[in-house]
Amino acid sequence: MKEFLFYLIFGLSAITYFVGLGSLRKTSRKGVIDRLYFLSAMCSAGWGLFIGLVLMQTDENLAALFRAIGMLHIFGLLICFTYMLVFWSNIQGRMKRWTSGFVWLSALLYPFVIRRENVEFEMTAYGMSYRIRPGIFSVVYVVFCAVVAVNLFCLNLHMLRRSVRRRERDIAYSLLLCVIIVGFGCALDTLLQMIGFSAFPVSTLGQFVAQMVLCQTYLFYNGSRVTLENMSKFVYYSVDEPVFLFDETERLCIVNNGATIFLGLSAEECCKLRLEDIFVLERDAFKFRGNKNRVEARCWQRNNICSISIDKIYDDYQDIIGYIVIVHDVTERVRMLERLEREKQRADKANEAKSAFLANMSHEIRTPINAIMGMNEMILRESAEQSTLEYAGNIQNASKTLLVIINDILDFSKIESGMMEVVEEPYSLRTLLQDLRTECIMRAEEKGLALRFIVPEETPSALLGDEVRVRQVILNILTNAIKYTMKGGVTMTVTYERQTPDSVKLFFAVADTGIGIKKENIGRLFGKFDRINEEQVHAIEGTGLGLSIVDRLVHLMDGKVTVESEYGKGSVFTVELRQKVAGEETVGSIREQPRQQERQEAGGPLFTAPDARILAVDDNKVNLAVIRGLLRKTKAQVTCATSGGECLEAAAKERYDVILLDHMMPGMDGIETLEKFRALEENASRDAKVIVLTANAMAGVREMYLEKGFDDYLSKPIEGKALEKLLLKYLPSALVTENEE
Ligand code: ADP
């Protein structure tokens with residue numbers, strides 16, 4: 001009987017150790033309760049072990065030693081249990097301090113509890129037993145135990161009263177059961193001896209039962225906490241994506257709702273499948289290196305395109321126990337990408353067709369205008385008849401307007417189709433402003449308007465940016481201001497703000513005293529083909545495209561354009577542009593350039609060069625006649641060729657200083673001719689400058705031609721002045737005499 005009791009106690013103690021240690025295997029983060037539970041299990045097991053050892057002893061001194069260690073575990077268990085109750089009952093403040101503080105009195109009592117004089121040992125039928133000697137100490141000890149028991153009981157009642165949820169009430173009942181079992185055990189321990197029974201370790205056995213109940217409570221509590229282990233189940237079932245769990249033999253064992261919906265089968269039917277039964281896959285999809293594999297595959301049942309990620313699942317020893325397969329249905333995305341790709345190709349084709357059309361149109365329209373303007377210029381130069389000169393003057397004005405409109409439409413189409421690019425090159429703001437002034441002063445004076453430029457002299461002049469576009473924007477605003485002002489004047493004020501040492505923000509504010517714009521119309525200003533104040537402006541030339549081009553160009557250059565206007569009084573258009581600074585040079589004072597055009601129109605050409613030899617190449621004979629006519633007064637020797645072949649032949653045979661080469665020619669075009677010309681072995685015109693003459697005036701083509709190897713570019717219709725300027729630049733200076741007039 002005695003041995004049986006020893007083995008029973010040691011066995012129970014061993015079980016308690018195992019159960020306690022088992023709680024350490026929990027993978028998620030350990031909290032207060034986890035630690036307290038572990039300590040309580042260790043104390044409970046220690047209690048059993050050492051009281052068991054006491055029972056086995058025949059020597060009182062050894063029994064006293066084991067009892068002392070056993071008591072340490074008993075008090076430890078008491079403290080852990082009290083703290084667990086305090087935690088679960090969620091009491092706060094004074095009550096919490098009192099309850100948890102009181103149990104620590106056991107530390108004070110401990111030295112008295114283990115004193116040999118206070119304990120009496122005796123051998124009983126169940127082994128070595130002991131009792132506390134009556135006296136003041138035994139009274140204190142009993143009172144302490146009673147207060148702790150009442151404390152625990154009250155905490156339990158408090159918990160029961162406060163518990164709202166069923167799970168809280170269940171925990172409270174379980175803990176109450178623990179308190180009752182241990183309390184009952186302790187009471188029996190003393191009572192049995194009082195009524196003459198041999199001391200039997202009821203409390204030691206009882207606390208094992210209480211510890212098992214506590215273990216159940218702990219497991220129950222853990223099961224209803226938000227932990228990774230608990231929640232993964234919910235997450236698994238709640239995700240919409242199909243998730244399949246395969247075991248290590250690659251058999252499907254668990255599917256979530258998303259998976260059953262995806263396959264249109266019941267969970268049982270799904271579980272008969274292998275991965276290859278669901279997707280069109282190579283065999284051995286699970287054989288891969290690393291932890292994760294992602295494959296694209298088509299689903300057999302529904303023909304969906306899926307992106308499948310396969311993750312290996314491991315046990316604690318890092319052996320594979322299965323695979324988790326998550327399926328992303330990407331059918332819609334793939335189809336959309338295919339659709340987008342098709343649409344992009346279609347748009348690219350349309351865009352290409354559009355730019356080809358624009359280039360073509362540019363060419364087709366410019367070629368006849370070239371003839372009209374060129375021939376007309378010759379009439380202007382050579383006729384002495386006043387009425388003929390007047391008619392020709394009108395033709396010239398109308399052609400120029402037509403050209404501006406064509407240029408606007410081409411620019412606009414180019415911007416709209418996203419083909420307009422801004423380039424960054426060094427330019428002089430001073431020259432730009434002087435040119436603008438020269439260009440506008442005549443128009444202003446013709447209308448009796450004052451044109452003023454206010455530019456601080458220290459404004460940086462050496463800038464980096466797209467000069468052509470900056471010029472186009474400001475010229476447009478200035479011409480509008482002059483166009484829509486009947487009396488008074490136009491003032492352009494340039495200001496700047498230094499942003500960094502090498503960048504500057506420029507403000508070009510063009511103020512006029514013109515017709516002004518109504519407030520409600522300001523928003524429409526930058527719309528395409530939108531002319532406002534129709535009743536007032538219908539007599540003024542315009543297409544309504546200018547400002548929308550300005551707006552888009554300014555945006556392309558990362559700037560902005562703003563308008564302030566008072567109807568009937570005038571407007572201020574401000575263009576804000578950030579430009580890089582390329583040097584120290586400043587603008588200084590702005591004066592208009594000498595009026596070359598007037599000089600040219602009034603008198604002779606810019607230069608004479610009777611020894612200069614120029615080869616003009618164009619398949620259109622009228623164009624050749626225009627060039628010849630325009631250069632007649634320069635006395636330069638102009639030879640004509642009507643094809644690339646003729647050009648090469650002539651250039652190889654005789655020296656030419658400049659070759660004016662058309663681009664679009666049947667057979668060998670200008671670019672091919674240039675390539676062959678450069679490759680000629682015997683070439684008398686090796687040093688000749690080659691200037692492309694083309695009716696293709698789309699923005700950006702200049703750069704393209706320079707890249708192809710031309711020395712310069714001149715667009716048709718050819719202006720006499722522009723042609724002369726270019727020749728002045730490229731003809732050897734020894735052959736040229738500049739006209740001083
Ligand atoms: P266009 O001048 O060819 O008609 P714009 O796009 O340059 O086209 O201008 C659009 C409209 O804005 C013009 O028709 C005119 O009514 C108005 N506008 C532009 N500039 C001014 C200005 N300085 N003063 C008054 N109205 C202006």
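The values are calculated or read from the model by the stated rules, or taken from the named source; none is laboratory data. Since we're looking at a predicted model, the values are computed, not measured. Every residue, glycine as well, gets a Cβ built from its backbone with ideal geometry; the counts of neighbours run over all protein chains shown. Heavy atoms of the whole protein, side chains included, go into the accessibility calculation; ligands, DNA and RNA do not. Shrake-Rupley method; radii C 1.70, N 1.55, O 1.52, S 1.80 Å.
Observations
- With contacts taken as Cα pairs under 8 Å and at least 6 residues apart, the stretch 422-592 reaches a relative contact order of 31 percent.
- Taking every DSSP bridge with both residues inside the chain, close to 75 percent are antiparallel.
- Per residue, the chain exposes 52 Å² of solvent-accessible protein surface, assessed with a 1.4 angstrom probe and all protein chains in place.
- Helix 670-679 axis, angle to the chain major axis (alpha carbon atoms, nearest 10°): 90
- Alpha-carbon centroid distance for the pair the stretch 222-252 / the stretch 456-501, whole angstrom: 69
- Here the chain has 57 percent of its accessible surface on carbon and sulfur atoms, given a 1.4 Å probe and all protein chains in place.
- Degrees between helix 467-483 axis and first principal axis of the chain (Cα, 0 to 90, nearest 10): 70
- Annotation for the stretch 114-169: trypsin sites (Lys or Arg not before Pro) lying in DSSP loop with at most 15 further Cβ atoms inside 10 Å of their Cβ are R115, R165.
- Note on K349: aspartates and glutamates with a C-alpha under 18 Å away, same-chain residues under 8 apart excluded, are E338, E341, E416.
- Normalising the average separation of contacting C-alpha pairs (under 8 angstrom, six or more residues apart) by the number of residues puts the relative contact order of the chain at 8 percent.
- Straight-distance crosslink candidates among lysines, where the alpha carbon sits under 21 Å from K30 and sequence neighbours closer than 8 are dropped: K233
- Taking Lys and Arg as +1 and Asp and Glu as -1, the other residues whose beta-carbon sits under 15 Å from that of E703 total -4.
- The separation of the stretch 392-428 from the stretch 360-378, counted between C-alpha centres, amounts to 15 Å.
- Proximal aspartates and glutamates to K312, defined as alpha-carbon separation beneath 13 angstrom and excluding residues fewer than eight positions away on the same chain: D247, E248, E250
- Gain on full stretching of the segment that runs from F87 to N683 - 0.36 nm per residue minus C-alpha separation: 204.3 nm
- DSSP finds beta bridges in the stretch 603-738, and of those with both partners inside it, around 10 percent are antiparallel.
- Taking the C-alpha atoms only, the angle from helix 228-238 to the longest principal axis of the chain is near 50 degrees.
- In sequence order, the stretch 425-440 has phi-based couplings of 9, x, 8, 10, 5, 4, 4, 4, 5, 5, 4, 4, 5, 4, 5, 9 Hz under the Karplus curve 6.51 cos²θ - 1.76 cosθ + 1.60, θ = phi - 60°, and Gly or Pro positions carry x.
- Estimated inter-spin distance, E738 and V334, nm [label 7 Å along Cα→Cβ]: 7.2
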